[in-house]
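First comes the structure, then the notes that go with it.
Every read-out reported here was derived from the displayed coordinates using simple, explicitly stated rules and does not represent laboratory data. Given the structure is predicted, the values throughout are model-derived calculations rather than measurements. Note that we place each Cβ from the backbone using ideal geometry, even for glycine, and neighbour counts take in every protein chain shown.
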Amino acid sequence: QVQLVESGGGLVQAGESLRLSCVASGIHFSINSMEWYRQAPGKQRDLVARITSRGRETYADSVKGRFTISRDNAKNTVYLQMNSLKPEDTATYYCKAMAIINVWGQGTQVTVSS
């Protein structure tokens, strides 16, 4: 059974940083591309960042230069370092294994105040 457990969210002020973590179990983590999504109230869930099994990173335009995705295969963990946070980054953040559809964690809430 695939499980994804996100953590690290919180309430911060604009310009501050947070580091999100997601621990995966039930999958062969090292061969999976991993992704971070976010969903603001009343909006669709959007892809924020992706990292392939080889470490290639891609980002949504809205977070380029501010967010960094990374992974630690020994810990089955994917991270999202978020710097220079803006109020529009406020959302619930979810991680996902790209190849596994419809399996989501509980998410972690990020709230950025202005």
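List of remarks:
- For the peptides 98-107, 3-12, the ranking by packing is 3-12, 98-107, with the highest mean count of neighbouring Cβ atoms within 10 Å listed first.
- Ignoring lysines fewer than eight residues from LYS75 along the same chain, the ones with Cα atoms less than 21 angstrom from its Cα are LYS96.
- Within the stretch 71-114: backbone nitrogen closer than 13 Å to the ILE31 label point (7 Å, Cα to C-beta): 99
- Proximal lysines to LYS86, defined as alpha-carbon separation beneath 20 angstrom and excluding residues fewer than eight positions away on the same chain: LYS43, LYS64
- Across the stretch 66-80, rounded Karplus estimates of 3J(HN,Hα) from the backbone phi angles (6.51 cos²θ - 1.76 cosθ + 1.60, θ = phi - 60°) give 10, 10, 9, 9, 8, 9, 10, 5, 5, 10, 6, 10, 10, 10, 9 Hz, Gly and Pro being marked x.
- A convex hull fitted around the alpha carbon atoms of the chain yields 90 Å³ per residue.
- GNM top mover of ILE31, ILE51, ILE69 - the chain, alpha-carbon springs below 10 Å: ILE31
- The stretch 36-51 - phi-based ³J(HN,Hα) in whole Hz, Karplus 6.51/-1.76/1.60, Gly and Pro as x: 10, 10, 9, 9, 8, x, x, 10, 6, 7, 10, 6, 9, 7, 9, 10
- Note on LYS43 and SER114: the model spin-label points, each 7 Å out from Cα along the C-beta direction, lie 1.4 nm apart.
- The reciprocal of the average 1/r between distinct C-alpha atoms defines the Kirkwood hydrodynamic radius, which for the stretch 50-114 equals 13.2 Å.
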